[in-house]
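Derivation of every value follows stated rules applied to the coordinates shown; laboratory data play no part. Since we're looking at a predicted model, the values are computed, not measured. As a convention, Cβ positions derive from the backbone with ideal geometry for all residues, glycine included, and neighbour counts pool all protein chains shown.
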């Protein structure tokens with residue numbers, strides 16, 4: 001059975017903003033199914049941004065559950081993510097879901113996995129999906145050697161990943177949020 005591949009998601013926190021972006025490609029085996037899928041979602045009236053990699057149906061189920069947790073813990077993104085990760089790991093139905101999420105808000109950047117992980121990067125850069133590590137490497141180089149904004153870094157780094165990873169394309173969606181100083 002061919003494996004479905006999709007996505008490179010990258011988040012960069014720099015200066016007074018955080019940006020998250022993703023490519024649009026979804027493939028099945030060696031076939032591109034769709035080139036312009038949007039894998040970034042706005043939650044809580046745009047206060048929280050989420051990018052997902054993995055099975056689309058699974059990711060939507062997790063997004064719905066995460067949004068519910070955000071409403072349970074208003075203003076506390078880490079707590080909502082921790083509760084989601086706990087549910088994801090322990091619930092009989094949820095633990096079968098195959099996806100990963102990056103969650104960003106004005107003060108938080110988190111990687112959330114089905115293993116119960118909620119990780120906040122020390123450098124403000126997170127990447128997931130098939131080209132995630134290429135994008136992270138490019139973003140770290142751009143942060144170290146340029147004065148680019150977080151949104152510009154995400155666009156450039158995803159462009160680098162799309163030139164390396166065959167499961168990543170250059171149809172990008174990038175969203176930004178202002179951050180407190």
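Per this entry, residue 151 is counted among residues that are closer than 27 Å to residue 34 by Cβ, part of a helix (DSSP H, G or I) and either in contact (Cβ under 8 Å) with a residue 24 or more places away in the chain or in contact with a strand residue (DSSP E or B) (Cβ under 6 Å, 6 or more places away or on another chain) (or both).
When the residues of segment 108-137 are filtered to those that are in contact with a helix residue (DSSP H, G or I) (Cβ under 6 Å, 6 or more places away or on another chain) and in contact (Cβ under 8 Å) with a residue 60 or more places away in the chain, the one that is surrounded by the fewest Cβ atoms within 10 Å (Cβ to Cβ) is 134.
For every residue, the table says whether it meets (1) on the phi < 0 side of the Ramachandran plot; (2) crowded, with 24+ Cβ neighbours inside 10 Å.
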site: 30; (1), (2): yes, no
site: 33; (1), (2): yes, no
site: 41; (1), (2): yes, no
site: 44; (1), (2): no, no
site: 52; (1), (2): yes, yes
site: 55; (1), (2): yes, no
site: 61; (1), (2): yes, no
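The residue that is nearest to the chain's Cα centre (by Cα), counting only those in segment 38-61 that are free of Cβ contacts under 8 Å to residues at least 40 places away in the same chain and over 21 Å from residue 178 (Cα atoms), is 60. The strands (runs of 3 or more DSSP E) located wholly in segment 97-147 that include 2 or more residues which are over 19 Å from residue 86 (Cα atoms) and within 12 Å of the chain's Cα centre (by Cα) occupy 125-129.
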